[in-house]
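Quick note: the coordinates plus some simple rules give every number you see, no bench work behind them. Please read all numbers here as calculations on a predicted model, not as lab measurements. As a convention, Cβ positions derive from the backbone with ideal geometry for all residues, glycine included, and neighbour counts pool all protein chains shown.
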Amino acid sequence: MFHIGILQLTQNLDDAVRGFKQKLEALNIAVSYEYRNVDGNIAALRQAAEELAAMSVDLIFACSTPAALAAKALPQNIPVIFTPVFDPVSAGLVDSFAVPGGKMTGMSGMVPAKDKVTFIKTLLPVAKKIGMLIPTEDQNAQIEAANFRLAAEGNFALHEIAVKTATDLSLLHELLPQDLDALFLPIGKILEENFSSIAYYTDALDLPIIASHAPNVSMGALAALCASHTDLGDACAEQAQAVLCEKKSAGTIPVGQPRQAQILLNAFVADNLGIELPAELTALAAEIYN
């Protein structure tokens, strides 16, 4: 029986843990687990990781970038599988997606920007000018914004709005142009935590929001194309199998990306905005909120 430590930043990542455990069970791998969930307290991750290492676990499943960084910092050579790290290279976790190096691999939660552009074009085929909020203090948001900027070339005119604090979001009524066809939100903590403020101002303009954070769709965004945490956990279990059962070094296993992004739609918002949701998207949607 293998002994796996689960290092989790928040309850929001329960689906990743569930997918990981279910897949290991389906693979008939006998496992016992040790859990450490710090409930959002990043400062507590170091001690939690050290506690898992002291239990001589065979592998650590690190849920979130901060959790993965804490596991990497351990002096012990315990293999680490991480998710949903947006960009593990920029985060300093691995050398590259193809050859991670060291003791880590895992699954990125980054849905390719070109897929998001295609999604928006299908959802809003007449859209010509898209706004994009860019949190200037968020590395992941900067990365996604840069990728989206490149992917949007030749498809949309892009109007970028830099925001640094929640106070900046309270000024959106002054910053949002009147001629936008949609507002794209990259991944970003400040945008996720202050989504209600963003929605307040876009509602006044009848402006649809395309989100990157799944919970924002039920809160009033028109749609999102994002990674399924359950699927990411499932894929991580396959990587864990290679490490535990096939004795592969984690650093030789390529970092994966979402195998199939999930479509989330809000039919209530669409009705309010007079937007007809394309049948090809509704047929594939993981969830449609009414």
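Please compute P(r) over all alpha-carbon pairs of region 112-252, binned at 5 Å starting from zero, and give each bin as a whole-number percent.
Spelled out bin by bin, region 112-252 gives 2, 10, 18, 20, 18, 11, 6, 6, 4, 3, 1, 0 percent.
Fewest to most neighbouring Cβ within 10 Å: what's the order for 206, 168? Present the calculation step by step, with values, prior to reporting the outcome.
Values: 206 10, 168 17.
Placing the least packed residue first, the sequence is 206, 168.
Give me the percent relative contact order of region 189-233, please, defined on Cα pairs under 8 angstrom at least 6 residues apart.
On the way: 36 pairs, mean separation 12.9, N = 45.
Computed value for region 189-233: 29 percent relative contact order.
With charges set only on the Cβ (+1 for Lys and Arg, -1 for Asp and Glu), what does the dipole of region 26-159 come to about its Cα centre, in debye to the nearest 20?
Values: 10 positive and 12 negative charges, 115 e Å.
Its charge dipole is roughly 560 debye.
If Lys and Arg each add +1 and Asp and Glu each add -1, what is the summed charge of the other residues whose beta carbon sits under 10 Å from the beta carbon of residue 158?
Working: positive: 129, 149; negative: 153, 160.
Local net charge: 0.
Residue 268 to residue 129: extension gain in nm, 0.36 nm per residue of separation minus the Cα-Cα distance?
Working: separation 139, 0.36 × 139 = 50.04 nm, distance 2.32 nm.
Using 0.36 nm per residue and subtracting the Cα-Cα distance, I get 47.7 nm.
Using the Karplus curve 6.51 cos²θ - 1.76 cosθ + 1.60 with θ = phi - 60°, what ³J(HN,Hα) values do you get for each residue of region 31-41, in whole Hz, with x for Gly and Pro?
Coupling constants for region 31-41: 9, 10, 10, 10, 10, 9, 10, 8, 6, x, 8 Hz.
Of the DSSP beta bridges with both residues in the chain, give the percent that are antiparallel, rounding to the nearest 5. Before the final figure, lay out the partial values.
On the way: 4 of 42 bridges.
Restricted to the chain, the bridges split so that about 10 percent are antiparallel.
For the chain, build the charge dipole from Cβ charges (+1 Lys, Arg; -1 Asp, Glu) around the Cα centre, then report which of 13, 28, 251 sits farthest towards its positive end.
Checking the options against the dipole of the chain, the answer is 251.
Taking the beta-carbon count within 10 Å as an exposure proxy, list 179, 203 from fewest neighbours to most. Walk me through the numbers on the way to the answer.
On the way: 179 11, 203 14.
By the 10 Å Cβ count, ascending: 179, 203.
So how strong a dipole does the chain carry about its Cα centre when Lys and Arg Cβ are +1 and Asp and Glu Cβ are -1, to the nearest 20 debye?
On the way: 18 positive and 32 negative charges, 160 e Å.
That gives a dipole near 760 debye.
Can you put 35, 289 in order, fewest other beta carbons within 10 Å first?
On the way: 35 13, 289 17.
Ascending Cβ contact count within 10 Å gives the list 35, 289.
Would you grab the residues whose amide H sits under 5 Å from the one on residue 35? Only those 5+ places off in sequence or on another chain, please, with H modelled 1.01 Å from N.
Sorted by chain and number, the residues that satisfy this are 6.
Can you run phi through the Karplus equation (6.51, -1.76, 1.60; θ = phi - 60°) for region 216-229 and list ³J(HN,Hα) in whole Hz, with x for Gly and Pro?
5, 5, 5, 8, x, 6, 5, 6, 8, 10, 8, 6, 8, 4
At 10 °C and 1.306 mPa s, what whole-number value in µm²/s does Stokes-Einstein give for the translational diffusion of the chain, with Rh from the Kirkwood sum over Cα pairs? Let's see the in-between values first.
Values: Rh = 19.8 Å.
Here the translational diffusion coefficient equals 80 µm²/s.
Tell me, what ³J(HN,Hα) does each residue in region 111-125 have, in order and in whole Hz, if you take phi through Karplus 6.51 cos²θ - 1.76 cosθ + 1.60 with θ = phi - 60° and put x for Gly and Pro?
Using θ = phi - 60°, the values come out as 7, x, 4, 5, 5, 5, 5, 4, 4, 5, 5, 6, 5, 10, x Hz.
Check which residues have an amide H placed less than 5 Å from residue 228's amide H, if you skip close sequence neighbours.
For residue 228, whose amide H was placed from the backbone, the distant partners under 5 Å are 262.
What do you get for the angle between helix 45-54 and the principal long axis of the chain? Use alpha-carbon atoms, 0 to 90 degrees, nearest ten.
Here the helix axis deviates by roughly 30 degrees.
Could you compute the net charge surrounding residue 102? Neighbours are other residues with a C-beta less than 10 Å from the C-beta of residue 102; K and R count +1, D and E count -1. Can you show the working numbers first?
Numbers: positive: 72, 103; negative: 95.
Residues close to residue 102 contribute a combined charge of +1.
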